[in-house]
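Take a look at the structure set out below.
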Amino acid sequence: MKSYPIVILGGGVVAGYAAKEFVAQIGKKGELAIVTAENALPYERPPLSKGFLAGKEDASGIQISDAAFYRKNGIAVYRKFPVVKVDFHRRRLHGPSGRVIGFDQLLIATGSTVRQLKVPGANSSEVFYLRQMKDSQAIKAQIKRGKRAVVIGSGFIGMEVASVLASQGVDTTMVFPDDRVWKRLFTPPVSTFFERQFAGHGVTFLKSDSVVALTHKNRECQVVLKSGKQVSTDFVVAGIGVTPAMELFQGTALVMNDGIKVNKFLETCVPGIWAAGDITNYPDQIFHRRMRVEHWDNAVEQGRVAMRNMMGHIQPFIHVPYFFSDVFDLSYEFWGDAEGHDQVVYRGNMSQKQLSVWWLKKKTLCAALIMNRPEEERVVAPRWILRHLRLDPKALQNARSLKSLDTTFGRPD
């Protein structure tokens, strides 16, 4: 049995950036191993629904670090090693064919798994999900064969995939249960703006509806909706959310509730066992409530902090939640958490594809969405959220420059 001082379970974004942090903190060769069920080195996930899916990037281009990095720094990467049991008491990972890897400290980074359709016909080969590189490759191959697609869901993945499909000349229909796109995040005006952009690129919306069955006849798929409508398509991409991948830890000493619960240092209730990324339910030090965030930036930063803490450089995880998205010719960024907000302020001009949205709670900034706005807005947004800056809504809306409102200027983040 080979054993290591530190083992990362999972080969995604957390693993890639935690490994880079291990090297930055002068970790010794032979002291770190990454164990992953995939047959790939850790790679970036955002391109799977953006540039990689569109054929603008290849597999090597989305690697976080190349093979030479792991060889040079003496980091072992166990690929195609699906762990079937974790023994926290004896500090062992049990894998295929009786293989075992030992550890002193373990960073759990198993991420999340996609929710799957549970309707008749959903197990068809024409139904695709998007989580790993192989999924994106399969959809990319299907784009070349099929000219019609139905995307189920209007959230992060659904919108990005639909934009790529439409840009590739695929006749795309989006089906979702809400009355507007990404209702959980967008305000009504922002939803309307994006719906108009998508419609302008030929995307059809079927709102307030849901899939009840998929039927197949003569190599054609029919998506049957609750409303009674049927949509003919060549393939379906379902983006209906994810769940934390916790099956491996059921019945263990770990405390789990919408993810694996950790403390502010990202350590679980079992000493020496840490967690980072999608699977982690952590006590947010900015919003003062437990959160589980499913975005790239969170995985990157938690991977870095967890590794520093595992190496003895203890610090709490304090970070403003962040994500970015690209659809068609639009790129936007989002910071914070809008839950509990009581006021929204808009800046810019949506008709010119320039806007920023500022969510306030008791006049304190809690979230911001920015697209094609001055750089100063990108700079102040996360800092203001971190510093719990109180703002006058009218001043925020009318200020020509936000520098005049920035009372945090010069203070370290």
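The values are calculated or read from the model by the stated rules, or taken from the named source; none is laboratory data. Predicted model only: the values in this text are computed from it and were never measured. Note: ideal-geometry Cβ built from the backbone for every residue, glycine included; neighbour counts use all protein chains shown. Heads up: the accessible areas ignore ligands, DNA and RNA and are worked out on the full protein's heavy atoms, side chains in. Shrake-Rupley method; radii C 1.70, N 1.55, O 1.52, S 1.80 Å.
For region 297-363, with equal point scatterers placed on the C-alpha atoms only and solvent neglected, what are the log10 I(q)/I(0) values from the Debye formula at q = 0.14, 0.17, 0.23 1/Å, to two decimals?
Here log10 of I(q) over I(0) equals -0.64, -0.80, -1.03.
Tally Lys and Arg at +1 and Asp and Glu at -1 over the other residues with C-beta under 9 Å from the C-beta of I6: what net charge comes out?
It works out to a net charge of -2.
Between the alpha-carbon centers of region 29-47 and region 232-297, tell me the distance in whole angstrom.
The two parts, judged by their Cα centres, are 18 Å apart.
Pick out, in residue order, every one of the trypsin sites (Lys or Arg not before Pro) in region 226-267 that is DSSP loop and has at most 14 other C-beta atoms within 10 Å; say none if there are none.
Taking region 226-267 and a limit of 14 other Cβ atoms within 10 Å, the loop trypsin sites (Lys or Arg not before Pro) found are K226, K229, K264.
Can you give me the % of accessible surface on the chain that is carbon or sulfur? Probe 1.4 Å, all protein chains present, nothing else counted.
Here carbon and sulfur together make up 48 percent of the probe-accessible area.
Packing-wise, with mean Cβ within 10 Å as the measure, how do 126-133, 47-54 rank, highest first?
Per-residue Cβ counts within 10 Å, averaged per peptide and sorted highest first, yield 47-54, 126-133.
Work out how much length S125 to T243 would gain on full extension: take 0.36 nm times their residue separation and subtract the Cα-Cα distance, in nm to one decimal.
40.2 nm
Can you give me the accessible area per residue for the chain, using a 1.4 Å probe, in Å²?
On a per-residue basis, the chain sits at 45 Å².
K363: net charge of surrounding residues, Cβ under 14 Å, Lys/Arg +1, Asp/Glu -1, itself excluded?
Taking every other residue near K363 into account, the sum is +3.
May I ask you to order 97-110, 245-258, 8-21 by the average number of other C-beta atoms within 10 Å around their residues, highest value first?
Averaged packing, sorted descending, gives the order 8-21, 97-110, 245-258.
Using every alpha carbon pair in region 1-137, what percent of pairs falls into each 5 Å bin from 0 up to the bin containing the largest distance?
2, 9, 18, 19, 17, 15, 10, 6, 3, 1, 0
Compute the Rg/Rh shape ratio of region 206-287: radius of gyration over Kirkwood radius, all on alpha-carbon atoms.
1.26
Using the eigenvalues of the Cα gyration tensor, what equivalent ellipsoid semi-axes result for region 43-102 when each is taken as the square root of five times the eigenvalue, whole Å, largest first?
Semi-axes, largest first: 31, 16, 9 Å.
Using only helices, what value at 222 nm comes out for the chain when you add -39,500 (n - 2.57) per DSSP H run of length 4 or more and divide by the total residues, to the nearest 500 deg cm²/dmol?
Computed ellipticity for the chain at 222 nm equals -6500 deg cm²/dmol.
I'd like the antiparallel share, as a percent to the nearest 5, of DSSP beta bridges with both residues in the chain.
So the antiparallel bridges amount to about 60 percent of the total.
Counting Lys and Arg as +1 and Asp and Glu as -1, what is the net charge of the other residues whose Cβ lies under 15 Å from the Cβ of H341?
+4
Please report, in Å, the Rg and the Dmax of the chain, where both are computed over Cα atoms only.
Just the Cα atoms of the chain yield Rg and Dmax of 22.5, 67 Å.
Once the piece of chain linking Q285 and H388 is laid out straight, how much longer is it, given 0.36 nm per residue of separation minus the C-alpha distance between them?
Extra length from Q285 to H388 when fully extended: 35.9 nm.
Evaluate E = 1/(1 + (r/R0)^6) for Q250 and Q222, where r is the Cβ-Cβ distance and R0 equals 41 Å; express this FRET efficiency to the nearest 0.05.
My answer for the efficiency is 0.60.
Restrict the search to region 323-413; then list the trypsin sites (Lys or Arg not before Pro) that DSSP places in a loop and that have at most 15 other Cβ atoms within 10 Å of their Cβ.
Those that pass, being in a loop and sparsely packed, are K353, K362, K363, R400.
Using the scaling law 2.2 N^0.38 Å as the reference, what is the normalised Cα Rg of region 67-112?
Ratio of Cα Rg to 2.2 N^0.38 Å: 1.28.
For region 154-192 and region 334-413, what is the separation of their Cα centres, given in Å?
Their Cα centres are 25 Å away from one another.
Given a cut-off of 20 Å, name the pairs among K20/K134; K29/K72; K207/K229 whose C-alpha atoms lie farther apart than that in the structure shown.
Violating the 20 Å Cα-Cα cut-off are K20/K134.
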